[in-house]
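What follows draws every value from the coordinates through simple rules; no lab data is involved. What you are looking at is a predicted structure, and each value in this text was computed from that prediction instead of being measured. Cβ sites come from the backbone with ideal geometry, for glycine too, and all protein chains shown count toward neighbours.
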Amino acid sequence: MVDVEEFIDEATTEISEAIGDANAIIALSGGVDSSVAAALAYRAIGEHHPVYVDTGLMRKGETDQIRETFSFMESLEVVEAQDRFLDALAGVTDPEEKRHVIGEQFIREFEREAKETDAEYLVQGTIYPDRIESEGNIKSHHNVGGLPGVVDFDGIVEPVRDLYKDEVRAVARALDLESVISERMPFPGPGLAVRIIGEVTEEKLEVARDACHVVEEEVAEHEPWQAFAAVIGKATGVKGDNRVHGWVVSVRSVESRDGMTARAQNLPWETLQRIQSRITGQNDNVARVVYDVTHKPPATIEYE
Ligand code: XMP
């Protein structure tokens, strides 16, 4: 485990030396990693230009919640980019291409903000597992050092790049960030897009968003490291007297220390049945709900 106080001092110095008197965009997703990066940047260089991009791939009520939690940041810019992300994702079915499209769109959004604020640097909350998974070709994380050939910044500053999630949480607590942030359940940068197999459409997004909300509510008392629902395909079901071809929703709830490995949680049958009943009840297009019992490895936590 990193020495938290020493880390905070070193990271603060590193950020001020890297950025100096220049302007910086601080990429904020609302998660613990980017919040810690933003808080360190705040210590080092002041508020600068915090930017939150609403990709349209966020969870239910998430953008409003982020506006509220970060209302102390007077210059927080909320970029309404939902249409641009959905347009860019139209017809994209390959998981790596999806991540690439999302990563590139993020950079475009930040570049536009940078132009408007004369910012030359981008501060973001990439953590160590993001880098090893990208470098090891497991999957490319969009927030890893920017994407080659598409970045128009003088420098990208990643103050928590060598930390694991549990270390980031320890730093968040030491920085006195609210517990809704320091203990927040991890949510991937590409958002619900990696919880939808195949093309991202408005219909699938609505199913995934509503189902994730149900899962998070129902499993909270079991304190998973991460819990969510994913739209994984279509199957036959029966609604009333009719056969329907509806969505298959997979429920995942895992225990983990750092996300590198994970164990599927042994949830009570009653909880699983309540989740099933709420998800099929709230959305007519869902034909089936399944529970994912696979650990990581061999599965990953997310679906794409
Ligand atoms: P996987 O699916 O790789 O997930 O087992 C491990 C942890 O990382 C999160 N994750 C991501 N986070 N960008 C992120 O910021 C990504 O592209 C990404 N992919 C996965 C995942 O939610 C889990 O906590």
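Observations
- Using θ = phi - 60° and Karplus 6.51 cos²θ - 1.76 cosθ + 1.60, couplings along the stretch 94-99 (whole Hz; Gly, Pro as x): 6, x, 5, 5, 4, 4
- In the stretch 238-304, the alpha-carbon atoms span a convex hull of 102 Å³ per residue.
- Inter-label distance, Thr300 to Glu96: 1.1 nm, where each label sits 7 Å from its Cα along the C-beta direction.
- Among the GluC sites (Glu not before Pro) in the stretch 54-138, those located in a DSSP loop and surrounded by at most 12 other Cβ atoms within 10 Å of their own Cβ are Glu74.
- Using a cut-off of 22 Å between Cα atoms, the listed pairs Lys60/Lys115; Lys60/Lys239; Lys204/Lys239; Lys98/Lys165 include Lys60/Lys115; Lys60/Lys239; Lys98/Lys165 as exceeding that distance.
- Stretch gain in nm, segment Val78-Met260, where the contour uses 0.36 nm per residue and the Cα spacing is subtracted: 62.4 nm
- Restricting the stretch 228-258 to trypsin sites (Lys or Arg not before Pro) in coil, as DSSP defines it, with at most 11 other Cβ within 10 Å: Arg257
- Likely footprinting exposure, Thr13, Thr63, fewest C-beta neighbours within 10 Å first: Thr13, Thr63
- Within the chain, percent of DSSP bridges classed antiparallel, to nearest 5: 45 percent
- The calculated 222 nm mean residue ellipticity attributable to helices in the chain amounts to -12500 deg cm²/dmol, summing -39500 (n - 2.57) over DSSP H runs of n ≥ 4 and dividing by all residues.
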